[in-house]
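Scroll down for the structure; my scribbles are underneath it.
The values are calculated or read from the model by the stated rules, or taken from the named source; none is laboratory data. What you see is a predicted model; the values in this text were computed from it and never measured. Don't worry about glycine lacking a Cβ; one is built from the backbone with ideal geometry, like all the others, and counts go over all protein chains shown. Surface areas here come from the heavy atoms of the whole protein model, side chains and all, with no ligands, DNA or RNA. Shrake-Rupley method; radii C 1.70, N 1.55, O 1.52, S 1.80 Å.
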Amino acid sequence: MTVLGVDIGTSSNKGMLCDATGRVLATRSLTHPTSMPGPGLAEHDAEAVWWDDLVGVVRAVLEDASTSAGGTAAAADGIEAICVSGIGPCALVADARGVPLRPAILYGIDTRATAEIDELTGELGAGAILARCGSPLTSQAVGPKLLWLRRHEPQVWDRSRMLLMASSFAVHRLTGEYVLDHHSASQCTPLYDLLEASWIQEWADRIAPGLPLPRLAWPGEVVGQVTPVAAGACGLAAGTPVLAGTIDAWSEALSVGVTRPGDCMVMYGTSMFMVDVAPQARPHPRLWLTNGIEPGMRTVAAGMGTFGAVTEWFRRITGTSFAVLSAEAAMVPPGSEGVLTLPYFAGERTPLFDTDARGVLAGLTVRHGRGHLFRSLLEGAAFGVRHNLETMAAAGAPPTRLIAVGGAAHDPLWRQIISDVTGREQELPEILTGAAYGDALLAARAAGLVGEDTLWNRTADRVRPGDTAVGAVYDRLYETYLDLYPASADAVHALARMGRSLETDGESARSG
């Protein structure tokens, strides 16, 4: 008896086949592109990225499992349930048959709806939105993006009959059901009432008139079965139970046991994301308060626009490997000998909510080298983590246990810098990249293979803050970090506007 978890990520899809003990029997991944068709735009081709790659991953996992199972059909027959997570919150509109009408608009990295955010905040009231929805309107919110679509692509809007995200699109393709989980819905601000756990129909009618909203279910609920058509496409057995699924960060948090008050996942990825279980948290204008993956669970979430993306940028422009850059950075003392980075290379999400924030390198001299710059990038990202942790505490949700996940958490230098900057211990689980692993655990629970409190992933290591003198250096530099953003904001915002104008002019010249 096995379960299958699949995660649809920003840059890759991953599948994991597990048994009831949590042992990974087979795993595969496929990479895919993210389209950036213009300034502030981020999209996925749902057919190719969300469905075709899911089909490819599932077939590859079944093929890998076929030897021990006695063939791919036997491997498929042994699957008791499947759960899919995905990036979000996203806005994919489809027709009545579930056929996408345009590429999916991605989560907070897509900043096209700034005018709609301002308009709806003014009309509905910032306080009313925060009280009912738990989060302010930002680039992360789905509602303003729907309003943008309605205004800028009316021919698409007129045909729209479904609102889908990565996980719910997969569920619809697998089962034919039009359903969205409560957690994902709680990021559809301002369409969902956090306390009532239901759609706010009067606001939905104002923002998205004529668009039927999906029925709601909790991520771990079985919402349908694999249809014969879907079975033929991906190799699963028809009739296999399918869960509602959810947004990938919350599946990732479950995979490492972030289930108790004060548990906080720190996800080292292309961007940084944090999920803190916080039943007593208050709505805060600089964070996202959401429903969790289970009824009654509340989580506070925070997210930085760039994290690993900044180090990848530096690796690319220097033509140097991460291993070499990390070794050079390790030779530089804490504080990078006076170089300080603001890591806002793609604007910033929490706690700034500033789409026009930009990266800043301050304190450079001719004696600074590549190692100084790379270490400063790592330190700047760590300061962003500390800023978010302190904001969580101000919202009544102080994290008491940090669990690091994500591919970049494999880097010992970066892990140590974050513990030194924050003064916090981090736990490292055995499996560091586990949204699909969390999906498999949800599926195992739903299938009755394990108890509701079962956790698979064990702590493999811990990272503790180092020398107190190092912490003192970072405390002083952190104060400068907090001062640098407001001190440079006016100039940086002007540069952001100039950059957009020049990019638009360049595109017009090329097309002409």
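Positive end of the dipole of the chain (Cβ unit charges, origin at the Cα centre): among Val256, Pro214, Ala330, the Cα lying farthest that way belongs to Ala330. Taking amide H positions as modeled 1.01 Å from N, with prolines and chain starts lacking one, the residues under 5 Å from Phe345 and 5 or more places away or on another chain are Thr306, Gly359. Over all distinct Cα-Cα pairs of the range 150-272, the Kirkwood formula returns a hydrodynamic radius of 16.3 Å. Once backbone amide H atoms are built at 1.01 Å from N, Arg298 has Ala278, Gly292 as its partners under 5 Å, excluding neighbours fewer than 5 places away on the same chain.
Stokes-Einstein diffusion of the range 386-512 at 25 °C, 0.890 mPa s viscosity, Kirkwood radius from Cα pairs, rounded to a whole number: 131 µm²/s. In order along the range 103-111, the Karplus-derived 3J(HN,Hα) couplings, from 6.51 cos²θ - 1.76 cosθ + 1.60 at θ = phi - 60°, round to x, 6, 8, 7, 5, x, 6, 8, 10 Hz, and Gly and Pro are given as x. Judged by the mean number of other Cβ atoms found within 10 Å, the most tightly packed of the peptides 17-24, 269-276 leads the ranking 269-276, 17-24. In order along the range 162-177, the Karplus-derived 3J(HN,Hα) couplings, from 6.51 cos²θ - 1.76 cosθ + 1.60 at θ = phi - 60°, round to 9, 10, 10, 10, 4, 5, 6, 5, 5, 4, 5, 5, 6, 10, x, 8 Hz, and Gly and Pro are given as x. For the peptides 246-252, 477-483, 460-466, the ranking by mean Cβ contacts within 10 Å, running from highest to lowest, is 246-252, 477-483, 460-466. Ordering Thr175, Leu146, Pro190 by the projection of their Cα atoms onto the charge dipole of the range 132-196, which places +1 on the Cβ of Lys and Arg and -1 on the Cβ of Asp and Glu, puts Leu146 at the extreme positive end.
Each Lys and Arg adds +1 at its Cβ and each Asp and Glu adds -1 at its Cβ; summed about the Cα centre, the range 1-94 shows a dipole of about 200 debye. Taking one quarter of the surface of the convex hull spanned by the alpha-carbon atoms of the range 193-233 gives a direction-averaged projected area of 4.7 nm². In this Cβ point-charge picture (+1 for Lys and Arg, -1 for Asp and Glu), the range 94-181 has a dipole of about 260 debye about its Cα centre. Distance from the Cα centre of the range 126-165 to that of the range 359-393, in angstrom? What the calculation gives is 34 Å, centre to centre.
Report note on the peptides 119-130, 70-81, 162-173: ranked by the mean count of other C-beta atoms within 10 Å, highest first, their order is 162-173, 70-81, 119-130. Between the beta carbons of Arg370 and His410, assuming R0 = 22 Å, the FRET efficiency works out to 0.55 to the nearest 0.05. With Cα atoms defining each centre, the range 21-79 and the range 289-332 are spaced 24 Å apart in the structure. When Lys14, Lys145 are compared by accessible area of protein heavy atoms, the largest-first order is Lys14, Lys145, using a 1.4 Å probe. Where the centroid of each part is defined by its Cα atoms, how far is the range 188-212 from the range 412-445 in Å? Using only Cα atoms, the two centres lie 34 Å from each other.
Estimated at the nearest 10 Å², the accessible area of Leu495 is 110 Å² with a 1.4 Å probe. For the range 414-421, the Karplus equation 6.51 cos²θ - 1.76 cosθ + 1.60, evaluated at θ = phi - 60°, returns couplings of 5, 4, 5, 4, 5, 5, 5, 5 Hz by residue, with Gly and Pro reported as x.
Taking amide hydrogens as placed 1.01 Å from N in the peptide plane, the amide H of Trp288 sits under 5 Å from those of Ala301, each at least 5 positions away in sequence or on another chain. For the chain, the carbon plus sulfur part of the accessible surface works out to 54%, probe radius 1.4 Å.
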